[in-house]
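What follows is a single structure, written as structure tokens, with notes after it.
The values are calculated or read from the model by the stated rules, or taken from the named source; none is laboratory data. This one's a predicted model, so the numbers in the text were calculated from it and none came from an experiment. Ideal geometry is used to build each Cβ from the backbone, glycine not excepted, and the neighbour counts take in all protein chains shown.
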Amino acid sequence: MDDTDEKLACTSSHAIARMRAGNWTRAADQLAEEVPVALEYNGISHVVMLATPSDLEEFALGFSLSEGIIGSAQECYGIEVEPGEAGITVRLEIASERFMALKERRRNLSGRTGCGLCGTESLDQVLRPLPRVAGRQPLSAPGIRRALEGLRAFQPLNQVTGAMHAAAWCAYDGELRAVCEDVGRHNALDKLIGTMAHTGLDFHDGFALITSRASVEMVQKAVTVGMPALVAISAPTGLAVRTAEKAGLTLLAFARGDQFVGYTNAENIELD
């Protein structure tokens, strides 16, 4: 395997010693890989993220859409992925008016694998204005349950590493239409958004399922592209709930098996 292949590998093997029942055993463990990924717009570096080196074109497109850098996939004219010694550079060519608006924002984001927004220059950039979610079809408990039951089979990287988040786009009946994995929960959602934009999936026709907590940024990303509902396996934050409520987003959390908690629009959930 050459240097380029190593940088694009999503997992790697590492020798370990495992303690069980008072005895050491030697084995090999599969580790999730994360690499620096720099996004450049029209030749200008904008952000460096730590991400799993897969689906990087989709990641770049999804990030551009969910952050409001572009308003549609048609405003992105080309994407090139270039591995290098220090990491991977993804170069995007976007519409000139969008690039001028981006320059005015003068954002300097870095390292969003962990906690969320980093390096924004003003409070206004953190809680940006969001549109109201368009008319939506009610979710159903059977659909949510079906999506949860089927998700594991579409998480091959997590099955071997135990360190990956997933974001899935689900039909209202629970059919999984797209699933993306990444070490970062934000990255997984951006990859899903980019995949949907590439394949023509309708952002208004279904719901997103995420294997993480629902932070305000996850809510912002979903609302920005028009998703009507977000279902999280873990907890939401208070700011995420208030933001979802204001935008009209249906937000469910602690979704496991037959159980979930409705934080916004719970009255619209159809039961068995």
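Residues that are over 13 Å from the mean Cα position of the chain (by Cα) and of a type in the set (Val, Ile, Thr) are absent from segment 179-194.
In summary, helices (runs of 4 or more DSSP H) completely within segment 150-257 and bearing 2 or more residues that are out of contact with any strand residue (DSSP E or B) (no Cβ under 8 Å at 6 or more places or on another chain) and among the aliphatic types (A, V, I, L, M) occur at 185-199, 216-225, 238-247. Those residues that are part of a helix (DSSP H, G or I), of a type in the set (Asp, Glu) and in contact with a Lys or Arg (Cβ under 9 Å, 6 or more places away or on another chain), I need them from segment 46-74; list them, please. The one that is part of a helix (DSSP H, G or I), of a type in the set (Asp, Glu) and in contact with a Lys or Arg (Cβ under 9 Å, 6 or more places away or on another chain): Glu58.
Against the definition (crowded, with 17+ Cβ neighbours inside 10 Å and of a type in the set (Gly, Ala, Ser)), how does Ala244 come out, yes or no? When the stated conditions are applied, Ala244 passes them. Being within 20 Å of Ala51 (Cβ to Cβ), of a type in the set (Gly, Ala, Ser) and in contact with a Gly (Cβ under 8 Å, 6 or more places away or on another chain): is that true of Gly194 here? Against the criterion (within 20 Å of Ala51 (Cβ to Cβ), of a type in the set (Gly, Ala, Ser) and in contact with a Gly (Cβ under 8 Å, 6 or more places away or on another chain)), Gly194 qualifies. Note on segment 259-272: residues that are surrounded by fewer than 12 Cβ atoms within 10 Å (Cβ to Cβ) and either modelled with pLDDT of 95 or more or not in a helix (DSSP H, G or I) (or both) total 3. Of all the listed residues (Val179, Val231, Val241), the sole one being touching a residue at least 40 places away in the same chain (Cβ under 8 Å), within 22 Å of Ala141 (Cβ to Cβ) and either of a type in the set (Ser, Thr, Tyr) or touching a Phe, Trp or Tyr at 6+ places or on another chain (Cβ under 7 Å) (or both) is Val231. Residues in segment 212-264 that are of a type in the set (Gly, Ala, Ser) and in contact with a His (Cβ under 9 Å, 6 or more places away or on another chain): Ser212, Ser215, Gly226.
The sole residue among Leu157, Leu148 that is in contact (Cβ under 8 Å) with a residue 24 or more places away in the chain and more than 19 Å from Glu270 (Cα to Cα) is Leu157.
Each row is one residue, and each column tells you yes or no for (1) surrounded by fewer than 13 Cβ atoms within 10 Å (Cβ to Cβ); (2) touching a Leu at 6+ places or on another chain (Cβ under 6 Å); (3) modelled with pLDDT of 95 or more.
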{"residue": "Glu93", "(1), (2), (3)": "no, no, yes"}
{"residue": "Ala101", "(1), (2), (3)": "no, no, no"}
{"residue": "Ser110", "(1), (2), (3)": "yes, no, no"}
{"residue": "Gly116", "(1), (2), (3)": "no, no, no"}
{"residue": "Leu123", "(1), (2), (3)": "yes, no, no"}
{"residue": "Pro138", "(1), (2), (3)": "no, no, no"}
{"residue": "Gly150", "(1), (2), (3)": "no, yes, yes"}
{"residue": "Gln155", "(1), (2), (3)": "no, no, yes"}
{"residue": "Ala167", "(1), (2), (3)": "no, yes, yes"}
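Could you go through segment 232-242 and let me know if any residue there is under 30 Å from Gln74 (Cα atoms) and touching a helix residue (DSSP H, G or I) at 6+ places or on another chain (Cβ under 6 Å). Within segment 232-242, one or more residues are under 30 Å from Gln74 (Cα atoms) and touching a helix residue (DSSP H, G or I) at 6+ places or on another chain (Cβ under 6 Å).
For segment 19-45, filtering for residues that are over 30 Å from Leu102 (Cβ atoms), in a strand (DSSP E or B) and either in contact with a Phe, Trp or Tyr (Cβ under 7 Å, 6 or more places away or on another chain) or among the small types (Gly, Ala, Ser) (or both) leaves 3.
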